[in-house]
1. So what's the back-of-envelope 222 nm ellipticity for the chain, counting only DSSP H runs of four-plus at -39500 (n - 2.57) apiece and dividing by all residues, rounded to 500?
2. Give me the extension gain from Ile12 to Val204: residue separation times 0.36 nm, minus the current Cα-Cα distance, reported in nm with one decimal.
3. Does anyone have the angle between helix 438-457 and the longest principal axis of the chain? Alpha-carbon axes, 0 to 90°, nearest 10?
4. Using a Förster distance of 22 Å, how high is the FRET efficiency between Gln429 and Asp483, based on the Cβ-Cβ distance and rounded to 0.05?
5. Taking the Cα centroid of region 450-513 and of region 297-374, what is the distance between the two, rounded to the nearest whole Å?
6. Would you mind checking Lys177/Lys314; Lys284/Lys409; Lys284/Lys314 for any pair whose Cα atoms are more than 29 angstrom apart?
7. At a 10 angstrom cut-off on C-beta neighbours, averaged per residue, how do the peptides 81-93, 166-178, 322-334 rank from highest to lowest?
8. Given the Cα-Cα distance of Ala512 and Ser315 and 0.36 nm per residue of separation, how much length would full extension add, in nm?
Amino acid sequence: MPSALLSPGVYIEEVPSGVRTITGVATSIAAFVGRTSQGPVSEPALITSFGDFERLFGGVQMDYPLSYAVQDFYLNGGSQAVIVRLQSGAAAAAAALVTGGANNEALDLVASSPGIWGNGLKATVDNATRDPSDTTLYNLTITQAGGATEKFLNVSSNSASPRFAARVLDSGSLLVKVALDSNGHWIAPATRPLPGTVSFAGGVDSVHLANNDYLGSASLKTGIFALDKADLFNLMCIPPDTRGGDTAAPVYQAAMAYCATRRALLLVDPPAAWGQVKETAAAKASDPNTGVASLGLTGDAARNAAIYFPRVIKSDPQLNGQPDVFAPCGVVAGIIARTDGTRGVWKAPAGLDAALNGVQGLQVNLSDGDNGVLNPLGINCLRSFPVSGRVVWGSRTMRGADLLADDYKYLPVRRLALYIEESLYRGTQWVVFEPNDEPLWSHIRLNIGAFMQNLFRQGAFQGHTPAAAYFVKCDSETTTQNDINLGVVNILVGFAPLKPAEFVVIRLQQLAGQIAA
């Protein structure tokens, strides 16, 4: 009602409907953590194509297995990826542009990220500016050997100018920055550089990463915790740091625990030794001492991890197209993204439609018998079939062993639960600090119910009716007076997930000849 009704007449007031649409979050943003040849360090970068990866992180390079995994992700249908570059012992290339000032001061430039790549940079200065009489203006051109060229016209050595060189490079260049002193200030003299060209030098690549480089620091947001700076990711891939190597079990254990806190799924690559002797591959993978149990990925957090075996064989453009063995996490992440886009997060990313693109073969060709040994242990198999080719042939979490009988045995069930949780977490922030009584509870039921009804209509749940498929409860039974006094509102959401048809049983009966009556 209007605050004051003084003059006779008609008053119009807008009444809120109470409808706050809950939007489902993305389901297949893949985070890749590891070494690259260039790019920002410990700063998650969201990319939407492999071209973005080539521009920011250097593309496919032989000594960087992560680059192959990202390529596999996009070859198999991936769309969005978050790249976290880690490094150890790397240094950025630098160059000094001599100025015309006192004592030949220098404008110190550094490559935007550490690595040998920066040694191929050159900086060229000329004075063909818009105002030749302005002695603070100059043009700066940065070229990368075999790569991009950046040109910055009419930049200034005057720190008060909106075209101050340090500020322009900081916001506009992907290749170089102005160096900082020990106090974090730009090293930028007040006089312009002399015309000419200088080359960058001193860039050093990272050595191979140790476990601690991956584990990082939660407080400093390094290692896997750099992903704290990313708003959302759904899949995590940590490819081996060396060709033919393994990601260490402690790294996977920490990553799995972190994924559980971020409602994400860790894709685990099988140890290289499992497939090195093809005759005993299934035995190694299932052996308590050498197999999946040896990774130590157990407990409730293992619901947020899945392992795929064996590794894949693909041609390597860096080796003149010769075949080599690669970890499968990037391929699987792409297939998951492709399945989400075409069928939904509730569909198992497996089956004849889950073909492995860009793959020439598998490290081990598993038989039905091998598959029968590994599947009950929660090891998802990659198989090769006539006509259908190479496909994903398993969809269990690492809590999917038959003996565990876990609620989240199946990957699509777990991923659907994570999707609902994250969507509701983000979509109910408006509830905080609202009056905690029946009007609020009814609005909660309305909005969450609309979200769940939309999933039901898309075929995400079991049941022919909404009542059989899901429920949303928020009332005086879930939220008691004591809860209200404590400032708590309790919402209970239930759903009936679809389980994948793992085993198809066909019963065939021969009809005996009928005796006429």
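All of the numbers you see were taken from the coordinates with simple rules; none came from a lab. From a predicted model like this one, the values you see are computed outputs, not experimental measurements. Virtual Cβ from ideal backbone geometry, glycine too; neighbours counted across all protein chains shown.
1. On the way: 12 runs with 119 residues, N = 517.
That calculation yields -6500 deg cm²/dmol at 222 nm.
2. Values: separation 192, 0.36 × 192 = 69.12 nm, distance 6.98 nm.
Result for the pair: 62.1 nm of gain on full extension.
3. 80 degrees
4. Details: r = 19 Å, r/R0 = 0.87.
That pair, Gln429 with Asp483, gives E of 0.70.
5. 30 Å
6. Working: Lys177/Lys314 38 Å; Lys284/Lys409 22 Å; Lys284/Lys314 23 Å.
As for pairs spanning more than 29 Å Cα to Cα, those are Lys177/Lys314.
7. Numbers: 81-93: 22.2, 166-178: 17.5, 322-334: 24.9.
Result, highest mean Cβ count within 10 Å first: 322-334, 81-93, 166-178.
8. Numbers: separation 197, 0.36 × 197 = 70.92 nm, distance 5.59 nm.
Length gained, Ala512 through Ser315: 65.3 nm.
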